[in-house]
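Okay, so here's the structure we're looking at.
The values are calculated or read from the model by the stated rules, or taken from the named source; none is laboratory data. None of these values were measured; they are calculated from a predicted model. Please note: Cβ atoms are built from the backbone with ideal geometry, for glycine as well, and neighbour counts cover all protein chains shown. Accessible surface is based on the protein model in full, side chains and every heavy atom, while ligands, DNA and RNA are left aside. Shrake-Rupley method; radii C 1.70, N 1.55, O 1.52, S 1.80 Å.
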Amino acid sequence: MKHTSIFSIKLFALLMLLCVSVQAQNDSIKQNKKDSLKQAQKYGLRLGGDISKLIRTAIEDDYKGFEIMGDFRLSKRIYLAGELGTEEKTLGNDYINATATGSYFKAGVDYNSYTNWYGMHNMIYGGLRVGASTFSQTRNSYTVYTQNQYWVPQFTSNEAEKFSGLTALWAELIIGVKAEVLPNLYLGLNAQLKSLISQDQPDNFENLYIPGYNKTYDGSKFGVGYSYNISYLIPLFKKGK
């Protein structure tokens, strides 16, 4: 009788151990499934445009511009990115007035530093671009500066002269955000710090504006820019951690 009681106790303990083990395995499976769902992220092609250039085109008489942009997600935080556009801008000072017209292309990568909650796909990112532009400069008018302005009238010419086939190359750093306001629809803004690598210049005057690069500053190799943009993500697949 005593041996039967001891055997019953051991059997009961074994059954309890098995139950606990099975329950732990089930909890582990459920947790793994839950974790895998939390780590699933959208991967695809995001396409959009720079709405700030459209607004400037509508309200500024001396500016016309259009830009499309896109990015493709390579990993959890890395995106291939690029922009393609055209611009026409007229600038002038006391001695010269010129119009720059051309197209440009920028390509590089973005790094998303923002850790999203489950179901979110926002970005706080930094990026690097290499940009190239092909353009023309039309000198609309110019005035020859003379030191003795009281006795000798300054020479002014309003005869337009066009210089075609100009090119420029630059690098830029980007800091920006993109927020998903509707499923797959994003609003964003960014700031750009640019550095000229090379440029062709017309005879007898400097480029005042380079399409894609923006305004130049008295021979300085640095420039700035910005963008307000809207884009749409075309989901291609989802990928876990």
request  = Would you kindly find the accessible area of Glu60, with a 1.4 Å probe and non-protein molecules such as ligands, DNA and RNA excluded, rounding to the nearest 10 Å²?
outcome  = 60 Å²
ask   = Roughly how many Å is it from the Cα centre of the stretch 161-217 to that of the stretch 85-139, as a whole number?
value = 4 Å
message = In the stretch 89-133, whose amide N lies under 16 Å from the spot 7 Å out along Cα-to-Cβ of Asp200? List them in ranges.
response = 100-105, 132-133
Candidate aspartates and glutamates for bridging to Lys221, where Cα separation is under 18 Å - those fewer than 8 sequence places away on the same chain excluded = Glu172, Asp200, Glu206
inquiry  = Taking a ≥ b ≥ c as the square roots of the Cα gyration tensor eigenvalues, with a/c under 1.5 meaning rounded and otherwise prolate when a/b beats b/c, else oblate, which class fits the stretch 162-241?
reply    = prolate
inquiry  = At 7 Å along Cα-to-Cβ for each site, give me the label-to-label distance between Leu84 and Leu193 in nm.
reply    = 3.0 nm
query = If the cut-off is 13 Å between C-alpha atoms, which aspartates and glutamates fall inside it for Lys162, apart from same-chain ones fewer than 8 positions away?
reply = Asp203
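So between Ile124 and Tyr232, what do we pick up on full extension, going 0.36 nm a residue minus the alpha carbon distance?
On the way: separation 108, 0.36 × 108 = 38.88 nm, distance 1.69 nm.
Gain on extension, Ile124 to Tyr232, equals 37.2 nm.
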task = Please give, to one decimal in nm, the separation of the simple spin-label points placed at Tyr217 and Ile68, each 7 Å out from Cα toward the Cβ.
result = 3.3 nm
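Say R0 is 22 Å: what FRET efficiency, to the nearest 0.05, do Ile55 and Ser103 get from their beta-carbon distance? Display every interim value, and only then the final one.
Values: r = 20 Å, r/R0 = 0.91.
Plugging the Cβ-Cβ distance into 1/(1 + (r/R0)^6) gives 0.65.
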task = Can you bin the stretch 52-207 into rounded, prolate or oblate? Criterion: square roots of the alpha carbon gyration tensor eigenvalues sorted a ≥ b ≥ c, rounded for a/c under 1.5, prolate for a/b above b/c, oblate for the rest.
result = prolate
